[in-house]
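In what follows, a structure is listed as structure tokens, so that the remarks can point back to it.
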Amino acid sequence: MERPDFNSIQDYEEFSKYYWYRDELIKICREHGLKAPSGKIELNKVIEAYFAGERILPEKKRIKKKKPLTDELTLDTGLIACDFTFGNQFRKFFSEQTGEKHFKFNVDMVATVKAVKEREDESFTLGDLLDVYYGKKIYARYDKSVLQWNKFVKDFCADDATKEFGERLKAAATLWKIVRDSDVEKIYSRELLEKYRDRL
């Protein structure tokens, strides 16, 4: 079944059967005058509300004064108050807190910082972010659904049956486009390959 145009879809259940890129979801939200957050989970919530008859509108932008970067960082320092970034100053701070010489921010920390800034949550501290790192606290989770394409290609290339294709990535992309625009599950399988082999 071909993916229909968004405006012809009747409800969220039908909408959910199809794969939508983040950029497509943003475009849909903007075209319908809805809030267009940057994450797929949030975008899907806006669209789900739209189908339920609720319009989540864009927030009016407020001009904020830039807060000076706090020199002395502590676990009680507010994430917004210190104008947090994923730069060296904060990497060094978390390296000292964790004892990890080459500290790396994990994906849930990235999702959390984004959510804290979007919600303008001034109560959230660097200590709270450290708790997210250790898995002691959940504020926002990384949207792993954006990795469907990566997993699809990885599974496609891991299947010996796909070795016959000279340009495997191109074949995987063609098969993915068929799956993406249909209501079938968005995972690779040998059955899927056999079903659409003549189109690759």
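Counting every alpha-carbon pair across segment 91-189, the share separated by more than 20 Å comes to 56%. Annotation: amide H-H contacts under 5 Å for Y18 (H modelled 1.01 Å from N, sequence separation of 5 or more, or interchain): none. Modelled spin labels at R22 and D83, positioned 7 Å past Cα toward Cβ, are 2.5 nm from each other. Note: segment 72-137, Cα convex hull, 79 Å³ per residue. The orientation-averaged projection of the convex hull spanning the C-alpha atoms of segment 103-161 amounts to 5.5 square nanometres. When you restrict to C-alpha pairs under 8 Å that are six or more residues apart and normalise by the size of the chain, the relative contact order lands at 21 percent.
Spherically averaged projected area of the convex hull of Cα atoms, segment 132-192: 5.8 nm².
Placing a label point 7 Å from the Cα of E118 along the Cα-to-Cβ direction, the residues of segment 8-36 whose backbone N falls under 17 Å of that point are 20-31, 33-36.
Amide H contacts of T125: L79, each under 5 Å away and 5 or more positions distant or on a separate chain (H built 1.01 Å from N in the peptide plane; Pro and chain starts excluded).
Could you compute how fast the chain diffuses translationally, taking Rh as the Kirkwood radius over C-alpha pairs and applying Stokes-Einstein at 37 °C with viscosity 0.692 mPa s? Give it in µm² per second. My calculation gives 164 µm²/s for D.
Spin-label pair R168-E13: with each label point 7 Å from Cα along the Cα-Cβ axis, the two points sit 4.0 nm from one another.
Placing dummy labels 7 Å off each Cα toward the beta-carbon, the span from E54 to I138 is 2.0 nm.
Values quoted throughout were computed directly from the atomic coordinates according to the rules given, and no laboratory measurement underlies them. Computed from a predicted structure; not experimentally measured. Note: ideal-geometry Cβ built from the backbone for every residue, glycine included; neighbour counts use all protein chains shown.
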